[in-house]
Amino acid sequence: MTEWFRETLHRDYQIGLRIEEVLFEERSTHQHLLLFRNARFGKVLALDGVVQTTEADEFIYHEMLSHLPMLAHGKVRRVLIVGGGDGGLLEEVLKHRTLEQAVQVEIDASVVEFAKTHLRSICGGAYEDPRTELVIADGLKYVAETDRRFDLIVVDSTDPVGPGEVLFTRAFYADCRRCLTPGGVLVTQNGVPFVQTEELQHSVGLFRELFAEGTCYLATVPTYAGGPMAFGWATDNTALREVPPETLQARFAAAGIETRYYTPAVHAGAFALPRYVADWIA
Ligand code: SAM
C-alpha cells in the first residue's frame, strides 16, 4: 500500500506527498520530526505534521529570504537568524563574503543536529563556518535580552502554532526593532496569503505600528501550496525597497553569488503585490 504524508496545517485544505521511504522519525522535547523521501521533492523535512523544507525547492525560499534583504541593504555585516534549524538560510547568508557574523537562535537543538547528519545537501558546511554562532534558545527570549545589534534579522520560523507562535507577536517584533542597527531590516516567513490571510494581516499590521514601513514580498515555493508565499518586510529605512535596478545588479555582480531563483529583476518584481494581497494588507 502506498503511504501518503498529509500536511495538517490548514483546517480545510491539505496537500499530500507520497512517502517513498521514511528516513528518520523522532519526537524531540519541542516537536515531532519526520524526514522522508519523495520522488519529486527529494528529502522532505516535516515538523509537527507541517513541511518545513525539501531538497528540490528550498533554494527558492532560502535565496529570497537572504539575498533579497542583503542586497537591498548593501552593507550587512551582522545577521540574526531566528529559527532556521535546517541550516539552508544560514548557508545562503554566508555566501556573502562581506558578512562578518551570523548568529542563529534555534529553539530545538535536535533539528540542527539532524540537519548536520541528514540534510548536508541543504546546510552544507554552514554550521562549521567560523562566522557562525549557534545559540540554542527561544528567539523571543533572545531578542528580549540581548544587547547585540544586527543589520538584518531573518525570522525563518515554523508557522504560528507550537513553539513558533511567539515569533508572530507584538513583543517579539518590538524587540527585533530594538536589536536592529539604524536602518536595518526585519524579514519574516509569513505563510501563503491565500490560505493564511489573517497571519499576514496580523504581522503587517504590527510592522506598520512599530516601523516606518511594513509590507511583504512574494515568491512561489511549490511545497508551501496555495499560491505565492509572503515574506514580511519591516524597516525604518524606506529607501531600501526602492534601490535602483542598476545598483542591485552591481551589488549582485560584486557578491559573485550563483543563484537559481534570485535575480535583481525578480527582486524588484517581488514587491509588486497582486491586488488581492495588497487589499488584504491595506
Ligand atoms: N521554511 C520553514 C517553513 O516555512 O515551514 C521554516 C523552517 S525552520 C526548520 C523552522 C525552525 O523554527 C524550526 O527548526 C523550529 O525549531 C524553529 N523555531 C520554532 N519556534 C522557535 C522559537 N520560538 N525560537 C527559535 N526557533 C524556533
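Only the coordinates and a few stated rules stand behind these numbers; no lab work does. Being a predicted model, the structure only gives us computed values, none of them experimental. Neighbour counts are summed over all protein chains in view; Cβ atoms, including those assigned to glycine, are modelled from backbone coordinates with ideal geometry.
Does Ile136 satisfy the condition of being touching an Asp or Glu at 6+ places or on another chain (Cβ under 7 Å) and crowded, with 21+ Cβ neighbours inside 10 Å? No; evaluated as a whole, the condition is false for this residue. Within 11 Å of the ligand (Cβ to nearest atom), crowded, with 20+ Cβ neighbours inside 10 Å and closer than 22 Å to Leu134 by Cα: is that true of Leu45 in this structure? When the stated conditions are applied, Leu45 passes them. When Ile15, Ile19 are checked against the criterion of being among the β-branched types (Val, Ile, Thr) and farther than 24 Å from Cys216 by Cβ, a single residue qualifies: Ile19.
Thr117 passes every criterion in (1) within 12 Å of the ligand (Cβ to nearest atom); (2) closer than 30 Å to Val22 by Cα; (3) more than 13 Å from the chain's Cα centre (by Cα); (4) not aromatic (Phe, Trp, Tyr) apart from (1).
When Tyr142, Tyr173, Tyr224 are checked against the criterion of being within 20 Å of Leu90 (Cβ to Cβ), crowded, with 22+ Cβ neighbours inside 10 Å, within 14 Å of the ligand (Cβ to nearest atom) and not charged (D, E, K, R), a single residue qualifies: Tyr224.
Of the strands (runs of 3 or more DSSP E) entirely within the range 1-53, those holding at least 2 residues that are touching a Phe, Trp or Tyr at 6+ places or on another chain (Cβ under 8 Å) and closer than 24 Å to Val112 by Cα occupy 16-19, 21-27, 32-38, 42-47. Evaluated against (1) under 23 Å from Leu273 (Cα atoms); (2) within 15 Å of the ligand (Cβ to nearest atom); (3) assigned to a helix (DSSP H, G or I), Gly191 falls short on exactly one condition, (3). Consider the range 64-122 and keep the residues that are part of a loop (DSSP other than H, G, I, E, B) and among the β-branched types (Val, Ile, Thr). The one that is surrounded by the most Cβ atoms within 10 Å (Cβ to Cβ) is Ile107.
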